[in-house]
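Worksheet: one structure, shown below.
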Amino acid sequence: MSDTKINAKRYFNCLREARKEFQLILEVHPELDDLTSKEMEVFEKLLTEKTVAEIAEEMFLSTSSVHFHCKNIYKKINVSNRKQILINYKDLT
């Protein structure tokens, strides 16, 4: 088997596993399915100790864009601040 075929096989196996894992997460937190891919990226970083400025820099976004995504995330998952995210989603950290 060529290296390309081996790498593709590994990639698709990882993708399948990631989808299975995400489905398990959605069983516990179905509201996360409403997040866009960019909101999901921001959400994941909100679970860390990174500041909004650090998240913005890492994602090549402005801080106002990160704040915009946070506002949308909070609304979609029915929380009012980052502390509530950390409490409600501690099982994901």
Among the residues of the stretch 69-93, how many are free of Cβ contacts under 8 Å to residues at least 60 places away in the same chain and touching a Leu at 6+ places or on another chain (Cβ under 9 Å)? 11
Can you tell me which residue in the stretch 6-47 is farthest from L86 (Cα to Cα), limited to those that are β-branched (V, I, T) and open to solvent by less than 50 Å² (accessible area, probe 1.4 Å)? I25
Kindly establish whether I6 is β-branched (V, I, T), out of contact with any strand residue (DSSP E or B) (no Cβ under 6 Å at 6 or more places or on another chain), modelled with pLDDT of 95 or more and assigned to a helix (DSSP H, G or I). no
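Go over the candidates V52, V66 one by one and state the one that is under 12 Å from K38 (Cβ atoms) and either touching a strand residue (DSSP E or B) at 6+ places or on another chain (Cβ under 7 Å) or of a type in the set (A, V, I, L, M) (or both). Outline the logic, then answer.
On the way: V52 fails: under 12 Å from K38 (Cβ atoms).
One residue alone meets the criteria, V66.
The values are calculated or read from the model by the stated rules, or taken from the named source; none is laboratory data. Just so it is clear, the model here is predicted, and its values are computed rather than measured. All Cβ positions, glycine included, derive from the backbone under ideal geometry; neighbour counts span all protein chains shown. Please note that ligands, DNA and RNA were not included when accessible areas were found on the heavy atoms of the full protein model with its side chains. Shrake-Rupley method; radii C 1.70, N 1.55, O 1.52, S 1.80 Å.
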